[in-house]
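Please read the structure below before turning to the comments.
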Amino acid sequence: MAVSILDVAKRTGFSKTTVSAVVNGKDCVKESTKKAILEAIKELDYHPNLSARELITADKTMIGILLPTYEHSSIPSHEMYFPYINESSNYEIVSGILENLSRTKYGVLTEHLAVDSVSQRLPSFALSQRVQGAILISPLYKIEYLEALKKYVPYIVQIGADTGVCDCVYNDFVETISKSVDYLFDRGHRRIAFLNADPISSTASHRLTGYKKALIKHHLQFDERLVRSTPFTALNGYLALQDIWVEASEKPTALICPTAEAACGAMRYLHEQGIRVPEDLSIVVNGNGLPCELAIPTLTVIGRDKAEVASEATKMLLWRIQHPDEPFRTVVLRDYVIERNSVIRI
């Protein structure tokens, strides 16, 4: 049987009202009383009933997290390589958000929605108006979608892009891609293929700008045959590199990938063709994730720290709830480099 607030009250000898005040983080309780109640909560493993609290206080105590996916394909799953947005990278951010929110009064509702749907329906946690705010983990949600969502969810933080209509946490992809080209150029690579983001992503133009900027800096010729835009999936990473490899008369010596999943799809194609990584093609990934550590060889990363992303997004949303009338804020994260085994000097 679940432990109730009455059980905590009986254990401590304090009233239910006093225990409730501590659970809800109110400052009207003496420090010694608060300490005794918190110890009892820990000993009894008491967890507040968030839904019941909402009914009683009309105070929303849930935060929504919206995760992107793509529409399901009619192709049998055994005939393709991970055709949807793989969730390893996103769930690292979700885990960080959960850890940060565990120290607050808020619970979490998560939902997946297809970003390429014509209807672009809103998440059920928004339509039911159960959440105080929401964190969107994707640059794929358009301004029109965000505006529609804001009619139901008052406070939104978007991870991955700055749309100008809500608070956001992102990294400067112009610089991220430029640094990726710099990194490969410094190791002798001159024909650098580039898998850009999904065309529907608001970051795609920034990434391409960063790629061209770095080519100009190093006096390298832009070759459109070395560039493809691709959805963030392993399947599309496979198909995009296949297209580049077939079309390019002079093969690239290095490849920049938008996600760990796209990189793994590209590596699958290379493996099938007997092309070795990194001996025949070096790879840099713009964003870390478990696949980067599990791939053979392990993948070099230039991108953002997922724990920092989660921390900044959570802090920003909690701040916004307390400061609803302040102007929208942006946090631009620095890039970092993890050197592994997917790049060689030539």
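Take segment 24-48 and flag every residue that is touching a residue at least 40 places away in the same chain (Cβ under 8 Å) and closer than 21 Å to residue 61 by Cα. If you could, list the steps in order and put the result at the bottom.
Filtering segment 24-48 down to residues touching a residue at least 40 places away in the same chain (Cβ under 8 Å) leaves 24-25, 44-48.
Within segment 24-48, 24, 25, 45, 46, 47, 48 meet the criteria.
Residues of segment 301-339 being buried (at least 18 other Cβ atoms within 10 Å of the Cβ) and among the basic types (Lys, Arg), which ones?
Correct list: 304, 306, 320.
So, of the residues in segment 177-192 that are over 21 Å from residue 224 (Cβ atoms) and crowded, with 18+ Cβ neighbours inside 10 Å, which turns out to be farthest from the chain's Cα centre (by Cα)?
183
Tell me which of these residue 256 doesn't satisfy, since it passes every other one: (1) buried (at least 24 other Cβ atoms within 10 Å of the Cβ); (2) touching a Gly at 6+ places or on another chain (Cβ under 9 Å).
(2)
Quick check: is even one residue across segment 223-235 crowded, with 24+ Cβ neighbours inside 10 Å and over 30 Å from residue 144 (Cβ atoms)?
No: zero hits.
Check segment 11-20 and report whether any residue there is modelled with pLDDT of 90 or more, surrounded by fewer than 18 Cβ atoms within 10 Å (Cβ to Cβ), in contact with a helix residue (DSSP H, G or I) (Cβ under 7 Å, 6 or more places away or on another chain) and over 26 Å from residue 133 (Cβ atoms).
As a first pass, look at segment 11-20 and keep what is modelled with pLDDT of 90 or more: 11-15, 18.
Add one more test, that the residue is surrounded by fewer than 18 Cβ atoms within 10 Å (Cβ to Cβ), and what stays is 13, 15.
Cutting the leftovers down to in contact with a helix residue (DSSP H, G or I) (Cβ under 7 Å, 6 or more places away or on another chain) gives us 15.
After this cut, where a residue has to be over 26 Å from residue 133 (Cβ atoms) as well, the list is 15.
Yes, segment 11-20 contains a residue that is modelled with pLDDT of 90 or more, surrounded by fewer than 18 Cβ atoms within 10 Å (Cβ to Cβ), in contact with a helix residue (DSSP H, G or I) (Cβ under 7 Å, 6 or more places away or on another chain) and over 26 Å from residue 133 (Cβ atoms).
Looking only at residues that are in contact with a Ser or Thr (Cβ under 6 Å, 6 or more places away or on another chain) and over 23 Å from residue 186 (Cβ atoms) in segment 273-290, which one is surrounded by the most Cβ atoms within 10 Å (Cβ to Cβ)?
Of everything passing the filter in segment 273-290, 289 is surrounded by the most Cβ atoms within 10 Å (Cβ to Cβ).
On the given criteria, is residue 266 over 21 Å from residue 169 (Cβ atoms) and not assigned by TED's automatic domain parsing to the domain that holds residue 105? Let's see the steps before the verdict.
Numbers: over 21 Å from residue 169 (Cβ atoms): yes; not assigned by TED's automatic domain parsing to the domain that holds residue 105: yes.
So residue 266 fits the description; yes.
From 308, 261, which residue is part of a helix (DSSP H, G or I), under 19 Å from residue 177 (Cα atoms) and either modelled with pLDDT of 95 or more or of a type outside the set (S, T, N, Q) (or both)? Spell out the reasoning first.
Numbers: 308 fails: under 19 Å from residue 177 (Cα atoms).
Only one candidate qualifies: 261.
Could you run through segment 198-255 and say how many residues are part of a helix (DSSP H, G or I), under 18 Å from residue 69 (Cα atoms) and out of contact with any helix residue (DSSP H, G or I) (no Cβ under 7 Å at 6 or more places or on another chain)?
Qualifying residue count for the region: 1.
Give me a count of the residues in segment 264-284 that are in a loop (DSSP other than H, G, I, E, B) and acidic (Asp, Glu).
Keep residues of segment 264-284 that are in a loop (DSSP other than H, G, I, E, B), which gives 273-281.
From what's left, acidic (Asp, Glu): 279-280.
Selection size over segment 264-284: 2.
Would you be able to tell me the number of residues in segment 140-155 that are touching a helix residue (DSSP H, G or I) at 6+ places or on another chain (Cβ under 9 Å) and under 24 Å from residue 311 (Cβ atoms)?
Of the residues in segment 140-155, 5 are touching a helix residue (DSSP H, G or I) at 6+ places or on another chain (Cβ under 9 Å) and under 24 Å from residue 311 (Cβ atoms).
Just to verify a result, which residue in segment 193-217, among those that are surrounded by fewer than 16 Cβ atoms within 10 Å (Cβ to Cβ) and of a type outside the set (D, E, K, R), is farthest from residue 262 (Cα to Cα)?
Here is the first cut: in segment 193-217, the ones surrounded by fewer than 16 Cβ atoms within 10 Å (Cβ to Cβ) are 199-200, 205, 209, 213, 216-217.
Going one step further and asking which of them are of a type outside the set (D, E, K, R), we end up with 199-200, 205, 209, 216.
Numbers: 199: 14, 200: 16, 205: 18, 209: 20, 216: 26 Å.
Only one residue fits best here, namely 216.
Do you know which residues across segment 112-121 are out of contact with any helix residue (DSSP H, G or I) (no Cβ under 6 Å at 6 or more places or on another chain) and either in contact (Cβ under 8 Å) with a residue 24 or more places away in the chain or among the aromatic types (Phe, Trp, Tyr) (or both)? Outline the logic, then answer.
Of all residues in segment 112-121, those out of contact with any helix residue (DSSP H, G or I) (no Cβ under 6 Å at 6 or more places or on another chain) come to 112-119, 121.
Scanning segment 112-121 gives 112, 113, 114, 115, 116, 117.
Test residue 270 against the stated conditions and say whether it is surrounded by 23 or more Cβ atoms within 10 Å (Cβ to Cβ) and at pLDDT 95 or above.
Working: surrounded by 23 or more Cβ atoms within 10 Å (Cβ to Cβ): no; at pLDDT 95 or above: yes.
Against the criterion (surrounded by 23 or more Cβ atoms within 10 Å (Cβ to Cβ) and at pLDDT 95 or above), residue 270 does not qualify.
The values are calculated or read from the model by the stated rules, or taken from the named source; none is laboratory data. It should be emphasised that the depicted structure is a prediction, and the values quoted were computed from it without experimental measurement. Note: ideal-geometry Cβ built from the backbone for every residue, glycine included; neighbour counts use all protein chains shown.
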